[in-house]
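Data first, discussion second: the structure below is written as structure tokens.
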Amino acid sequence: MRSAIIGFVIGIVWLQNQPVLPSLTLAMLLLAAALMLGLAVRRWPRPVLQPALLLTCGAALGFIWAGLLAQQRLAHGLPDDWEGRDVTLIGTIDSLPYRFDQGVRFNLALEQVLQADGSVSAAFPSNLPPNLPRKIALSWYSTPLAGELQAVGAVEPGERWRLTVRLQKPHGNANPDGFDYEAWLLEQDLRATGYVRPDTNMPATLQNRRMSNFVFSFGNLVEHCRARLRERIYAALPGHEYAGVIVALVVGDQRGINQSDWTVFNRSGIGHLISISGLHITMVAGLFAALAQWLWRRSFFTRAELPLLLPAQKVAALSGAAIALLYVLLAGFGVPAQRTLYMLTVVAVALWCGRLTSVSHVLCTALLVVLALDPWAVLWPGYWLSFGAVAIILYATVGRARPQRHLTEMPDWKARWRQALTAAAQTQYAVTLGLVPLTMLLFGQVSLISPVANAIAIPLVSLLVTPLALAGSVLPAPLSDWVLVVAHTLVAWLASGLEWLSGWQWAVWSAPLPSWWIFLFALLGTFWLLAPRGWPLRWLGLACWLPLVLNSPTRPQSGQMWVTAFDVGQGMALLIETSQHRLLYDTGPYYSPQSNGGNRVILPYLKARGIAAFDGMIVSHNDSDHSGGALAILEQIKVGQVWSSLAPSSRIVTASPQHQHCTAGQSWQWDEVRFEMLHPQATSLNDPKKKPNTLSCTLKISIGDLSMLLPGDIEAAQESELLGSQRAALRANVLLAPHHGSGTSSTVAFLDAVRPDLALFQVGYRNRYRHPKSEVFERYRTMGILRLRNDASGAITLQFGQTLTISEYRSSHARYWYGR
């Protein structure tokens, strides 16, 4: 059966990498094949081949099951004519709201759709159009109106609201090794996103307002309880730096933790503890199970003789499973929490039924249940790390208990402590080494201080902070406040120590993401290294790590140049690579105080590639959609020369190790590639009347007979200026559309002078500026210019050599949920 479950996982992974979903005919053929294989297993005379048949049968069933669930999810999509127009909906708040400086984000479970006169056009679920989404993700911003900020609604889980919203289909930035927002929305069954519209000029029947304080359902009750607990914690810890960590440990909401704190936790390798992890659930469930068993054996200090009615072990198993379920519900049902719940449930059922079961059966059963309920779990690192850690522990410990004669000479309590510490050290050793290949495959880095950090953090967080946080969230005030302050103090002490440790230069080892053969070779070496004592030459397992350790970043060959135009939304960011140098042109937009194109798109890509430094960076001008990620990049990686048109007082300028204003006439050569700055003129930089767009650093890059022009956000006046002063230099094979294809740029004369074969438009999906303007986009077409846009293509990679090769991420990495 374990072979069939592993095959089920393989089938689901196979499905999640498909560009399109299988047809009904293919699904039926696979199902028939799976049934035939299942029958063959029972009659096959050779047990050696049975695992292979079961594996194949499970893979077919996993592929079919994941495909059916995906079809069911994708069937509920937003109609094309609903995008970009106001719609009034009635629904219930279906999630824990996330409040930030500009507003609040939440999910809305759709109940009714209102017509323009306020009457009901559809009611859920009986006559709601079947193609409409059942849940949508909404943002409600504080909108400036009439000189004042309009307040957002104080939404709470379970409330029913009437809201006028503007919706769009699920869409996210698509970049290599980046977070797949569209896949995450599909997993959450959120088939539309949008924002709440101001209702000042709307009739009373369509204005935004709360209609019911609470609509009862089990899910709403759970989310309401989570909200109340989170509220209590923040009320008890006002202004405390690590209140978000306490909230994460109690209700699993990690959104209140600062990005800088996450950097420390991840560099020290304890990020898995800063949430409701499997370790915490097991600890809490075990504590309550032991308490229930102790009380039951004593019949709650009565003469009822309860153990004669029901064995205490069964009561303990039931209590532990019930507490685990409650804690997992508070956690928001994350994958590590699910895995622990299902494993504990299997053990509890086995105890109740009086049947012993092996740990491998328990793990595989949890694996099956998680993926049967959520086949998209395989897309996220947490799934693989969670089950991988348990599998490594089982491989390195089960069946290897050895008698330790020297312990018999110690007192019982000393022997027990010695055994516990030895087991903990062996487990930490196994997990630390065992997860190195997987961690490198998923993140491209390993924390070298993780063993030390976890040795301190695991007992502190699991045995002290988490119990105190849970107790403090439910105890009456003021006792709850005191307990929560103690828990926060312990977290603060831990964080200060981790910050010191993670500040060491060698705290983290980074390398490019390995290829599959390097990963599998390192994994084989890891199994060899962790094999039981007596296995020959276990240390040779480290030799299998050599390709992983020596893996170096890929580079263009001599005579080549690579350009990557990132999909950063409404903004600009391009990475230019020669055989020995790298240059970043613009850094993407500013999204929020915690998020920007630098830390959300560019830095993850660089980490996956193993790129730790830039030879140069150009910030074309001061608009936030071009300079928003610059500070994040300067903080995280080494940058040589910085060129910009920014004022000397700019934070980017002061943070730059070497800064120089970009001016026409500057030029340099890296390898076989020549760089020429065509704009702005030096005299323009000191003119206070100049808009940032007019000062955009305009760069031409040439290699052999091919060239590319990067004009930033220049407009018609600057295009005319370039035509008058440097017309011959404008000719290029590839043009980055000026000002994202706005109506104030890309004049006919300018395009005629550049005469590009290809134009790139770095624009956001359905952006508010409506870039590129339809007439400008059509102008490129009529002039015979190939047009590519990031919102449709994702990241675009250009390889310059003898010829120009183009790769679009959404095509080369096609998945069935793109564009749906």
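The values are calculated or read from the model by the stated rules, or taken from the named source; none is laboratory data. As the structure is a prediction and not an experimental result, all values here were calculated from the model. Because the Cβ atoms are built from the backbone with ideal geometry, glycine has one as well, and the counts that use them run over all protein chains shown. These area figures cover heavy atoms from the full protein model, side chains too; ligands, DNA and RNA do not enter into them. Shrake-Rupley method; radii C 1.70, N 1.55, O 1.52, S 1.80 Å.
Excluding residues on the same chain fewer than 8 positions from LYS607, give the lysines whose Cα lies under 22 Å from its Cα.
Candidates past the 8-residue exclusion: LYS638.
How many nm is it between the label spots at TRP506 and PHE218, if each spot is 7 Å from the Cα in line with the beta carbon?
5.4 nm
Enumerate the calculated ³J(HN,Hα) couplings along the range 792-803 in order (Karplus 6.51 cos²θ - 1.76 cosθ + 1.60, θ = phi - 60°), each rounded to whole Hz, writing x wherever the residue is Gly or Pro.
Couplings: 9, 9, x, 4, 10, 10, 10, 10, 9, x, 5, 9 Hz.
Find the relative contact order for the chain and round it to a whole percent, using C-alpha pairs within less than 8 Å whose residues are 6+ positions apart. Don't jump to the answer; show the numbers that get you there.
Working: 1526 pairs, mean separation 74.8, N = 820.
Value for the chain: 9 percent.
Note the angle between two axes, namely the Cα long axis of helix 278-297 and the longest principal axis of the Cα atoms of the chain, as a number of degrees from 0 to 90, rounded to the nearest 10.
Tilt relative to the chain: about 20 degrees.
Take peptides 376-387, 228-239 and line them up by average Cβ neighbours within 10 Å, highest first, as a rough protection proxy. Intermediate results must be reported in sequence, preceding the final value.
Details: 376-387: 19.9, 228-239: 16.9.
Listed from highest to lowest mean packing, they are 376-387, 228-239.
Of all the C-alpha pairs in the range 486-534, what % are more than 12 Å from each other? Write down the numbers at each step before the final one.
Values: 894 of 1176 pairs.
That tail contains 76 percent of the Cα-Cα pairs.
Per-residue HN-Hα couplings for the range 301-310, Karplus 6.51 cos²θ - 1.76 cosθ + 1.60 at θ = phi - 60°, whole Hz, x for Gly and Pro?
Result, ordered by residue: 6, 10, 9, 6, 6, 4, x, 6, 7, 8 Hz.
Using the beta-carbon distance between LEU464 and ALA322 and R0 = 25 Å, what value does 1/(1 + (r/R0)^6) give for FRET efficiency, to the nearest 0.05? Don't skip to the answer; put the middle values down first.
Working: r = 24 Å, r/R0 = 0.96.
Once rounded, the FRET efficiency stands at 0.55.
Per 5 Å bin, what percent of the C-alpha pairs of the range 405-539 does each bin hold, from zero upward?
2, 9, 12, 13, 14, 15, 13, 11, 7, 4, 2, 0, 0
Can you figure out the FRET efficiency of ARG297 with ALA471, using R₀ = 22 Å and their beta-carbon distance, to the nearest 0.05?
For ARG297 and ALA471, the calculated efficiency is 0.35.
When the Cα centres of the range 753-820 and the range 524-602 are compared, how far apart do they sit, in Å?
25 Å
Can you tell me the orientation of helix 479-502 relative to the chain, as the angle in degrees between its alpha-carbon axis and the longest Cα principal axis, to the nearest 10?
Orientation of helix 479-502: about 60 degrees from the principal axis.
Evaluate Rg over Rh across the range 202-327, taking Cα atoms for both radii and Kirkwood's formula for Rh.
Working: Rg = 20.9 Å, Rh = 18.1 Å.
Rg/Rh: 1.15.
In the chain, what percent of the accessible surface is made up of carbon and sulfur (1.4 Å probe, ligands and nucleic acids excluded)? Mind showing how you got there, number by number?
Details: 23350 of 38540 Å².
Heavy-atom surface of the chain belonging to carbon and sulfur, 1.4 Å probe: 61 percent.
Please compute the per residue accessible area over the chain with all protein chains in place, 1.4 Å probe, rounded to a whole number of Å². Let's see the in-between values first.
Numbers: 38540 Å² over 820 residues.
Each residue of the chain exposes 47 Å² on average to a 1.4 Å probe.
List the lysines whose alpha-carbon lies under 17 Å from that of LYS690, not counting same-chain residues fewer than 8 positions away?
none
Under a cut-off of 19 Å between alpha-carbon atoms, report the lysines in cross-link reach of LYS314, not counting same-chain residues fewer than 8 places apart.
none
Once fully extended, how much extra length lies between TRP493 and GLU775, figured as 0.36 nm per residue of separation less the alpha-carbon to alpha-carbon distance? Don't jump to the answer; show the numbers that get you there.
Working: separation 282, 0.36 × 282 = 101.52 nm, distance 5.97 nm.
Gain on extension, TRP493 to GLU775, equals 95.5 nm.
Just from its helices, what would the mean residue ellipticity at 222 nm be for the chain, if runs of 4 or more DSSP H residues each count -39500 (n - 2.57) and the sum is divided by every residue, rounded to the nearest 500 deg cm²/dmol? It would help to have the intermediate numbers written out before the result.
Details: 28 runs with 344 residues, N = 820.
The helix contribution divided over the chain gives -13000 deg cm²/dmol.
Helix 218-236 against the longest principal axis of the chain: what's the angle in degrees, Cα atoms only, rounded to the nearest 10?
Between helix and principal axis, roughly 80 degrees.
Which far-off residues, 5 or more places away or on another chain, put their amide H under 5 Å from the one on LEU685, with H placed in the peptide plane?
Amide H neighbours of LEU685: none.
What number, in nm² with one decimal, is the all-direction average of the projected area of the convex hull of the alpha-carbon atoms of the range 317-358? It would help to have the intermediate numbers written out before the result.
On the way: hull surface 11.0 nm².
Answer in nm², one decimal: 2.8.
Please find the FRET efficiency linking ASP752 to ALA423, where r is the Cβ-Cβ separation and R0 is fixed at 60 Å, and quote it to the nearest 0.05.
Numbers: r = 76 Å, r/R0 = 1.26.
According to the calculation, E is roughly 0.20.
With a sphere of radius 12 Å drawn around the Cβ of HIS739, what net charge do the other residues whose Cβ falls strictly inside it have (Lys, Arg +1; Asp, Glu -1)?
Details: positive: LYS691, LYS773; negative: ASP623, ASP625, ASP713, GLU715, GLU719.
Overall, the nearby charge balance is -3.
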